[in-house]
Amino acid sequence: MNVIDHPAHGSIIYHPSILPLHRGASAINWTLIQGDKKAGFSIFWADDGLDTGPILLQRECPVEPNDTVDSLYNRFLFPEGIKAMVESVQLIADGKAPRVPQTEEGASYEGIQKKSNSKVNLAQPAEAIHNWIRGHDKVPGAWAVIDGQTVTLYGSSMLGESVPAGQPLEIEGASQPGVITKNGLVLYGSDSKALMVKNLQFEDGKMISAAKYFSSGDTASVELTDDEKKMAEEIRDIWKGILSNVAAIEETTDFFKSGAASMDVVRLVEEIKQKCVGLQLQNEDVYMATTFQDFIQMFVRRLRGEDQEEEMVIDYATKDVNNMTVKMPWQCFINGKFEDAENGKTANTINPADGSVICKVAYASVGDVDRAVAAAKEAFEVGPWGRMNPRDRGTLLYKLADLMEEHQEELATIESIDSGAVYTLALKTHVGMSIQTFRYFAGWCDKIQGKTIPINQARPNHNLTFTKKEPLGVCAIVIPWNYPLMMLAWKSAACLAAGNTLVLKPAQVTPLSALKFAELTVKAGIPKGVINIVPGSGGMVGQRLSDHPDIRKLGFTGSTPIGKQIMKSCALSNLKKVSLELGGKSPLIIFSDCDMDKAVRMGMSSVFFNKGENCIAAGRLFVEESIHDEYIRRVLEEIKKMKVGDPLDRSTDHGPQNHKAHMEKLVEYCEVGMKEGATLVYGGKQVDRPGFFMEPTLFIDVEDHMFIAKEESFGPIMVVSKFKDGDIDGVLNRANDTEFGLASGVFTRDINKAMYVSERLDAGTVFVNTYNKTDVASPFGGFKQSGFGKDLGEGFTLDTVILECGSYRILWSVMNRFPFIFHCLPFS
């Protein structure tokens, strides 16, 4: 209390309940367990009691029927709690903070639950059972006894009048048997109402989808008919014929541990198919069920047709546009299926060309993220993806690339209407480079190698030391809105080639091409759970991915502030690996001895490519004084020729900005530039037409201290500063005077000058006499606050790219005298 009372204004505490109800450390849990209709928080003055001090401020919200601890916290208790703490501090500062004594009427204190006392009482109404399960999810976990073992229940939700058909399951203490359905485990309360449980965890720690209880191998088995038992004995004879070294084929006999090889797999499959004409059996099935009892269970289910994959059902949003009908999935894609968000919420996605609604898109919740991660984890740990031969994995990725090429016009149209990209650019770059990326990494699948390391031998022993590169597991990918499909490809192709599974969050404003991509992955034969797409907000979906303990790596492209928050969350949660491609303010230096025609053309491209929504865009041009005025005159001529308009018009040069808020930010950016004294030569305003169109803009006389000289616009705004003739070191100092280091460029005919400048520019990529040239085989990434980690190229096989300090990759072009791209790769 000496510490608490020491500050001049005392101390205040945030507590996640409406005090005096639910004092103690598990307040949110008990709000749900006791079925409260209202949740909320209190900010109170600290005293020497346990959550008993005078109330300063309280806020409340309704508890939704299927709320969880996570959803309550993320929807209300955290964001509104932050605001309320700020308000409380201001009230104290103003001398207006109340001190309302707590009443003891209705007061309660509940302790932290333990596993031993969290067993579900199934002899009560369904809502009470639901509240108990969701209040204990995820720790310590509510449990019941099923088939003699403790099974923990996760992911509860109330059901309406209709209960799906399924297979009954006896549960100790239940008023009537549960039902295993295709959606999960249905439990009945004493009032005959029902609830659904999504996941089950067994005593050994293994977690499965409740829908798979009867097909989970070691948890339950199907009963064989007399005819099926005869067939099982015939298969036992086939096993005996192959495993001639084994005295008897027992239920636990393992096919491979008994000496079988890949040729024996082929023989086993073909002998059984010869006996059972029409049976769909693959070599992979033997690898998934290696013991005799598991193989028979798989065989019988396959014979009955129980293991057949359901045909994918897609509720398309359709649109007649660009001389075609585009069919766009809009739901979450989890475990190989399109389905509504858990809470049923949707959000509109907008066409930036006219501001109209394209369609509604699922707005994922924390629960959806958890289901997606669980599906990806199961696909990695027990699915065929992790056990597949790398070359077979590559074959699937090649097939996926072929399907993307087959649908490239539809994908490009979706990119254009959802992101505002000019169709011709979307076709060539957004989609074209995505296809190239998947083909490139498909070829890497069987070429990821470790190495042997000679070490000193401890005589007389001889040791072999070798390294092996292994997949990490479940990876999360959070992509931006400027290149929706291409950023998906850059991040996910390498991830999949290495054998990982993934959960991807597309940008909230551009989700459609990612969901169309998900559809193509199913057609390509990518196993379910390997790829999951959860559209939604960064604050909820992105944050949960950062925090999730089962994710082993997160790749993010976006702003530096959000990148810092993600890195912090990843560290605090489970020290997951992180790769970040963040903001930039890439300098482009144009010397007086440049090829003027090329410098003008490439300078335009460096700024206005993809409407300026380009991570490596030249954020600031430095033009040598003697050519400055001529350069500006010629650039202005070219800007005036640019056609701004419908991105689906093949002659359009410049489409709309991605979304309204971004366009408004660009207008404000220009206003700040003018206010600080920069000269606006052209543009600076929104185009007077429907949609989110920004005029191509040109600023000159930009001084180093100005806002527009330091901050990235991420739009079609050329910012030009001049430098004195011959002052190479001076302009280098100015170019490097930024916290960013993603890309840079230099135009000169002097190769010595080009090398001198390139070596001293602090950027991940240096373009010389070219710009915006990227290739799937060449590593991409930045320095300083532009992030770390590399996309593309061979570097994806390493945790960090390792090269000799001072080594560079130079890409030469035979088209011109010596344009090249200079990639600086950090020594680690």
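The values are calculated or read from the model by the stated rules, or taken from the named source; none is laboratory data. Everything numeric here is computed off the predicted structure, so don't read it as measured data. As a convention, Cβ positions derive from the backbone with ideal geometry for all residues, glycine included, and neighbour counts pool all protein chains shown. To get the accessible areas, we keep the full protein, side chains included, count just its heavy atoms, and leave off ligands, DNA and RNA. Shrake-Rupley method; radii C 1.70, N 1.55, O 1.52, S 1.80 Å.
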Report task. Please turn the phi angles of the stretch 85-91 into ³J(HN,Hα) values with the Karplus equation 6.51 cos²θ - 1.76 cosθ + 1.60 (θ = phi - 60°), one per residue in order, whole Hz, x for glycine and proline. Result -> 5, 4, 4, 5, 4, 5, 4
Report summary line: In degrees, nearest 10, the alpha-carbon axis of helix 262-275 is tilted away from the dominant principal axis of the alpha carbons of the chain by 60
Requested in this report: Could you provide, to the nearest whole Å², the per residue accessible area of the stretch 12-94 with probe 1.4 Å?
Outcome: 44
Query raised in the report: Among Thr510, Pro561, Gln297, whose Cα sits farthest toward the positive end of the charge dipole of the chain (+1 at Cβ of Lys/Arg, -1 at Cβ of Asp/Glu, about the Cα centre)?
Result: Pro561
Query - Protection proxy ranking, peptides 466-478, 105-117, average beta carbon neighbours within 10 Å, highest first - result: 466-478, 105-117
Query raised in the report: On a 0 to 90 degree scale, rounded to 10, what angle separates helix 126-135 from the longest Cα axis of the chain?
Result: 50
Query - Hz values of 3J(HN,Hα) by residue in the stretch 254-259 - Karplus curve (6.51, -1.76, 1.60), Gly and Pro given as x - result: 9, 4, 7, 5, 8, x
**Report entry** In order through the stretch 436-452: 3J(HN,Hα) via Karplus (6.51 cos²θ - 1.76 cosθ + 1.60), integer Hz, x for Gly, Pro
**Finding:** 4, 5, 5, 5, 4, 6, 4, x, 7, 3, 9, 10, 7, 10, x, 8, 8
Query raised in the report: Once label points are set 7 Å from the Cα along Cα→Cβ at both Asp727 and Gln90, what is their separation, rounded to one decimal in nm?
Result: 4.6
Query raised in the report: Do the sum for the chain: with -39,500 (n - 2.57) for every DSSP H run of n ≥ 4, divided by all residues, what is the mean residue ellipticity at 222 nm, to the nearest 500 deg cm²/dmol?
Result: -9500 deg cm²/dmol
Report summary line: With a 24 Å threshold on alpha-carbon distance, the violating pairs from Lys428/Lys491; Lys598/Lys675; Lys553/Lys585; Lys119/Lys198; Lys660/Lys773; Lys212/Lys516 are Lys598/Lys675; Lys553/Lys585; Lys660/Lys773; Lys212/Lys516
Report summary line: In debye to the nearest 20, the charge dipole size for the stretch 313-458, taken about the Cα centre with +1 at each Lys and Arg Cβ and -1 at each Asp and Glu Cβ, equals 620
Requested in this report: Could you please state how large a percent of the accessible area of the stretch 563-618 is carbon and sulfur, counting protein chains only and using a 1.4 Å probe?
Outcome: 61
Query raised in the report: Taking a probe of 1.4 Å, how large is the accessible area per residue of the stretch 115-212, in Å²?
Result: 44
Query raised in the report: Given a 1.4 Å probe and every protein chain left where it sits, what share in percent of the accessible area of the stretch 693-781 is carbon and sulfur?
Result: 44
Query - Highest to lowest packing among 398-405, 772-779, scored as the average C-beta count within 10 Å - result: 398-405, 772-779
Query raised in the report: At a Förster distance of 56 Å, what's the computed FRET efficiency of Lys640 paired with Lys523, Cβ-Cβ distance as r, to 0.05?
Result: 0.75
Query raised in the report: Taking a probe of 1.4 Å, how large is the accessible area per residue of the stretch 576-666, in Å²?
Result: 33
Report summary line: The base-10 log of I(q)/I(0) that the Debye equation returns for the stretch 12-94 at q = 0.23 Å⁻¹, one scatterer per C-alpha, is -1.08
Query - Backbone N within the stretch 232-275 under 17 Å of label point (7 Å from Asp446 Cα along the Cβ vector) - result: 262-263
Requested in this report: Pop out the carbon and sulfur fraction of the accessible area of the stretch 12-94 as a percent, whole number, probe 1.4 Å.
Outcome: 59
**Report entry** Charge dipole of the stretch 12-94 about the Cα centre (unit charges at C-beta), most positive-ward option of Leu72, Pro16, Ser26
**Finding:** Leu72
Query raised in the report: Which angle between 0 and 90 degrees, to the nearest 10, do you get for helix 408-419 versus the longest principal axis of the chain when only C-alpha atoms count?
Result: 70
Report task. Round to a whole angstrom and tell me the spacing of the C-alpha centers of the stretch 113-181 and the stretch 504-518. Result -> 35
Report summary line: One finds, for Tyr287 and Asn348 with R0 = 45 angstrom and r their Cβ-Cβ distance, a FRET efficiency to the nearest 0.05 of 0.50
Requested in this report: Note down the nm distance, to one decimal, between modelled labels 7 Å out along Cα→Cβ at Asn736 and at Ala571.
Outcome: 2.6
**Report entry** Alpha-carbon gyration tensor eigenvalues x 5, square-rooted, for the stretch 115-212, Å
**Finding:** 18, 15, 12
Report summary line: Of the convex hull drawn through the C-alpha atoms of the chain, the volume per residue in Å³ is 235
Query raised in the report: Rounded if a/c is under 1.5, else prolate if a/b beats b/c, else oblate: with a ≥ b ≥ c from the C-alpha gyration tensor eigenvalues square-rooted, which is the stretch 689-735?
Result: prolate
Report summary line: Contour minus Cα-Cα span, Lys115 to Asp775, at 0.36 nm per residue, comes to 232.2 nm
Query raised in the report: For a paramagnetic label modelled at 7 Å from the Cα of Met674 toward its Cβ, which residues of the stretch 611-653 fall within the zone defined by backbone nitrogen distances under 15 Å?
Result: none
Report summary line: For the Gln274, Glu223 Cβ pair and Förster radius 41 Å, calculated FRET efficiency rounded to 0.05 is 0.95
**Report entry** Paramagnetic label zone (point 7 Å from Cα along Cα-to-C-beta, Glu203; backbone N under 19 Å) in the stretch 139-171
**Finding:** 141-154, 170-171
Query raised in the report: Once a ≥ b ≥ c are taken as the square roots of the eigenvalues of the Cα gyration tensor of the stretch 458-598, is the result rounded (a/c under 1.5), prolate (a/b larger than b/c) or oblate (a/b not larger than b/c)?
Result: oblate
Query raised in the report: Charges only on Cβ, +1 for Lys and Arg, -1 for Asp and Glu: so what's the dipole of the chain about the Cα centre, in debye to the nearest 20?
Result: 1260
